[in-house]
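Here's the structure, in structure tokens; my notes come after.
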Amino acid sequence: MTDNDYTQRPPDALPPGYRFDEFEIQDVLDASSDNIVYRALDHHLERQVAIREFLPRTLTVRSETQRLLPRTKQDQSAFSAGLEGFIHEARQLARLNHPNVVQILRFWTYNETAYAATPVYSGMTLSAFTQQHPDKINEAWLRRLLPMLCGALAALHDKGFIHCRLSLNSIQIQDNGLPLLLEFGALRQGPADNGESNKTLLHPGFTPLEQYSDDVDNPPGPWTDIYSLGAILYTLISGSRPPASVTRSIQDNCVPLAESHAGSWSPELLQAIDRALALRPEDRPQTLAEFAALAGISLNDPGNPQPAIQTGSMLVPVETKPEEPAPAPIWTQYRTPLQIAAGVVVGLIVGGLIFGRSDSVNAVQDAVKAETKTKATSAPLATAGHAKVYLRVEQGEQLEVNGKTQKLPTPVNGYASVQLSPGQYEITLRNGSQSRKASITVDKPGTWLLDPQP
């Protein structure tokens, strides 16, 4: 999912030229112990995408026909659990529209495993960033980053998911400076989870104590991600990660930041991180909102404008249907006074709607709800009953339809909606000498999503 330095091709990677319908594998972008990320060409839309393949090397081998086979019969159970989690993650993330969370464009199963297509993001992991730009890591930089990271995690928690594997390698700093969450565990916690899928999710130093056991009375929850986030911040400030939580449970040698770095960083930030690193879950902040308040940051502050990730002109009709309520997160059964963090559901990410129809419906409904809540008005371009078009807009842009200036409705989370009667239209969003354009032919009623390009 990254577009950075060249990654050496693993011997078990799919060969260049391998095809999944419209997708053609070109090279390897990244590789880890349980995933390979490829750069691929989407022949239908004529753009590059990243394709992530679920490939746990300790559990599987690739056959001559490219199928994944368990190494032993004993590995089949863990592989099946991990594969189920990968598929479940992709489906759910496709419904989560947040600028600091990876967009899932499409997923599918093949070769006895699963694949997910995402945009190609330019940047580097936080681990690489700390090595290449240590001089940039200061409190001002962290305070710009934290609202976006906390907002993205809060949006996950609000949907009933936890990340489960936060570390320096699971956060990417994009070229535009915005953070992006990667490497999701993102499994819904419930009785069906058998613990097998968590065996590869442990990052010593960043993993809290509850993830090392299957104790149903002490399940993972938002406090789990808060510990990992605290460990990341501890590492950025101190230069070394905290001792592993299992080691700390025997003898806690983790020196609080409020002691070791007093005077060089604000006390409220250091104390919030120390609280997040409490061994017992009940001693940590229980929600991202609580952590943000302790750290003195605004959870809902986007920090920067929307990410400048362009994935091509994307347009798809959507048939709306009633939305089913999401089940309550399982951790609410264990923490009665816990307030589930109010997620920052920011914007309509168009790329995630190009393939999945049911996911498209959910995204459109989220935008409509936000639009209604903020009382945004539509441009008077047509009467009700015709096509409704959502446009991704940027600050200061003016709207032109077929060369005529139109009043741009108040954007909601970076998107504005207009009504269009049947016909052909040239949409232009102009900001000074710069412009973005897109063409659309409206031939039937419905809801459309449009991302004009330069």
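The values are calculated or read from the model by the stated rules, or taken from the named source; none is laboratory data. The structure displayed is predicted, hence computed values, not measured ones. Quick reminder, even Gly has a Cβ in these numbers, built from the backbone with ideal geometry, and neighbours come from all protein chains shown.
In the range 54-77, what residues are surrounded by 14 or more Cβ atoms within 10 Å (Cβ to Cβ) and under 13 Å from Ser33 (Cβ atoms)?
Within the range 54-77, Phe54, Leu55, Pro56, Arg57, Leu59, Thr60 meet the criteria.
Here is a yes/no grid of residues against (1) in the same structural domain as Val102 (by TED's automatic domain parsing); (2) at negative phi; (3) not basic (Lys, Arg):
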residue	(1), (2), (3)
Pro10	no, yes, yes
Leu14	no, yes, yes
Ser33	yes, yes, yes
Leu41	yes, yes, yes
Glu46	yes, no, yes
Val61	yes, yes, yes
Gln74	yes, yes, yes
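Quick check, is Val442 modelled with pLDDT of 90 or more and more than 27 Å from Asn100 (Cβ to Cβ)?
no
Residues are listed down the side, and each one gets a yes or a no for (1) modelled with pLDDT of 50 or more; (2) in the same structural domain as Ile104 (by TED's automatic domain parsing); (3) of a type in the set (Gly, Ala, Ser):
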site: Ile354; (1), (2), (3): no, no, no
site: Asp359; (1), (2), (3): no, no, no
site: Ala379; (1), (2), (3): no, no, yes
site: Lys388; (1), (2), (3): yes, no, no
site: Leu391; (1), (2), (3): yes, no, no
site: Glu394; (1), (2), (3): yes, no, no
site: Thr410; (1), (2), (3): yes, no, no
site: Gln424; (1), (2), (3): yes, no, no
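Would a scan of the range 222-229 turn up a residue that is modelled with pLDDT of 95 or more, among the small types (Gly, Ala, Ser) and not in a loop (DSSP other than H, G, I, E, B)?
yes
Tell me, which strands (runs of 3 or more DSSP E) lie completely within the range 1-92 with 2 or more residues that are farther than 24 Å from Ser122 by Cα?
Per the criteria, 60-62, 68-70.
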